[in-house]
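The values are calculated or read from the model by the stated rules, or taken from the named source; none is laboratory data. Please read these numbers as outputs of a predicted model, since none were measured by experiment. Every residue, glycine as well, gets a Cβ built from its backbone with ideal geometry; the counts of neighbours run over all protein chains shown. Heads up: the accessible areas ignore ligands, DNA and RNA and are worked out on the full protein's heavy atoms, side chains in. Shrake-Rupley method; radii C 1.70, N 1.55, O 1.52, S 1.80 Å.
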Amino acid sequence: MSLDAAELTREGLAPPSRRTEFLRRLSGARLPALFVVLVAATAIAAPLLTSYAPDAGGPDALQPPLSPGHWLGTDNIGRDLWAELAYGARVSLSVGILAALSALAIGVVVGAAAGYAGGALDSFLMRLSEFFQTLPRFVLALIIVALFGAGIGKVILVLAILSWPQTARVVRASVMSLKTAPFIDAARVGGMPPTAIVLREILPNALAPIVVVTSLDVATAILLEASLSFFGLGDPNLPSWGGMLNVAQDYLRQAWWMSLFPGAAIALTVLAFNRIGDCLNDALNPKLRDGR
């Protein structure tokens, strides 16, 4: 028991349990998580929340917010901004989550192999990850999408390929610190094969930093997808927040609402995922949790 805990005990006050401390550190993620849930619910229920199609123009062009029938206004060709926002959330969340999960899969495989095998394989895989980390991610994404064409599947693949090195290095560090633990030695003595040791024993105990990195990767992927769409390199057949900003840049003075709402949606969603990642790090990081 630490000195502070002993003093609390003498004064009749029990120190907080680990569960209580975990929930306290995680409490800061409640509002960001609620916002993400609302965005996800809006994306799923978009057809029920608006009677307009996101790509359907109309005669009421450049209507300001709170106009009859268009509470967020319309764009330059009469499209309802609320419909575009609601359907655009599908693209942003889909790209963010799928790109992060794809990067997670690549990073876990590479990091686990490097950390457990060590030696020449470790050196090769880490030099490879360092090479990808030194590349300017956004510029390279621009070049690849411009060369091979736009499309949500291609954008997800590009973002996954550019995002895995950080996950790989985190997984490698966790695997290297755990592979010499006594319970891993016991698994080896018991005849468990290396693949089973990594999957059943090591990775479950390395889950905390992996979850944190993945949550941050979602925010990065959403921001990169919006940036690509802003430059006209998103999927032209799907509404997106970045695409809305691309159209709005010619109407900044005339129709401020065209850029305000998609810009706020991108900023708040990215900040929400970043805040969730920070709170998860506070709650799951053993050094922070123990106050060291």
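With a requirement of 3 or more residues that are at pLDDT 90 or above, the helices (runs of 4 or more DSSP H) lying completely within the range 146-248 that satisfy it span 152-178, 207-230, 241-248.
Quickly run through the range 129-145 and pick out the residues that are in contact with a helix residue (DSSP H, G or I) (Cβ under 8 Å, 6 or more places away or on another chain) and either aromatic (Phe, Trp, Tyr) or in a helix (DSSP H, G or I) (or both). Correct list: 129, 130, 132, 133, 137, 138, 140, 141, 142, 144, 145. Restricted to the range 32-61, and to residues there that are open to solvent by 30 Å² or more (accessible area, probe 1.4 Å), in contact (Cβ under 8 Å) with a residue 60 or more places away in the chain and not acidic (Asp, Glu), the residue that is farthest from residue 238 (Cα to Cα) is 33. Checking each residue in the range 3-49 for being polar (S, T, N, Q), at pLDDT below 70 and either touching a Gly at 6+ places or on another chain (Cβ under 8 Å) or part of a helix (DSSP H, G or I) (or both) picks out only 9.
Yes/no per residue for (1) assigned to a loop (DSSP other than H, G, I, E, B); (2) of a type in the set (S, T, N, Q); (3) under 22 Å from the mean Cα position of the chain (by Cα); (4) farther than 30 Å from residue 195 by Cβ:
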{"site": "87", "(1), (2), (3), (4)": "no, no, yes, yes"}
{"site": "110", "(1), (2), (3), (4)": "no, no, yes, no"}
{"site": "120", "(1), (2), (3), (4)": "no, no, no, no"}
{"site": "124", "(1), (2), (3), (4)": "no, no, no, no"}
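Picking from residues in the range 189-209 that are open to solvent by less than 70 Å² (accessible area, probe 1.4 Å) and in contact (Cβ under 8 Å) with a residue 12 or more places away in the chain, the one that is farthest from the chain's Cα centre (by Cα) is 197. Only a single criterion out of (1) touching a residue at least 24 places away in the same chain (Cβ under 8 Å); (2) open to solvent by 60 Å² or more (accessible area, probe 1.4 Å) is not satisfied by residue 186, namely (1).
Within the range 119-139, residues that are more than 17 Å from residue 170 (Cα to Cα) reach partners that are among the small types (Gly, Ala, Ser) with beta carbons closer than 8 Å, at six or more positions or on different chains, in the pairs 137/163; 138/227.
All of 268, 260, 245, 224 fail the test of being more than 21 Å from residue 42 (Cα to Cα) and of a type outside the set (Phe, Trp, Tyr), apart from 224. Evaluated against (1) open to solvent by less than 50 Å² (accessible area, probe 1.4 Å); (2) touching a Phe, Trp or Tyr at 6+ places or on another chain (Cβ under 8 Å), residue 106 falls short on exactly one condition, (1).
Scanning the range 62-83 for residues that are outside any strand (DSSP E or B) and either in contact with a strand residue (DSSP E or B) (Cβ under 6 Å, 6 or more places away or on another chain) or open to solvent by less than 20 Å² (accessible area, probe 1.4 Å) (or both) turns up 63, 72, 73, 75, 78, 81, 83.
In the set 247, 218, 212, only one residue is over 30 Å from residue 111 (Cα atoms) and open to solvent by less than 50 Å² (accessible area, probe 1.4 Å); that residue is 247.
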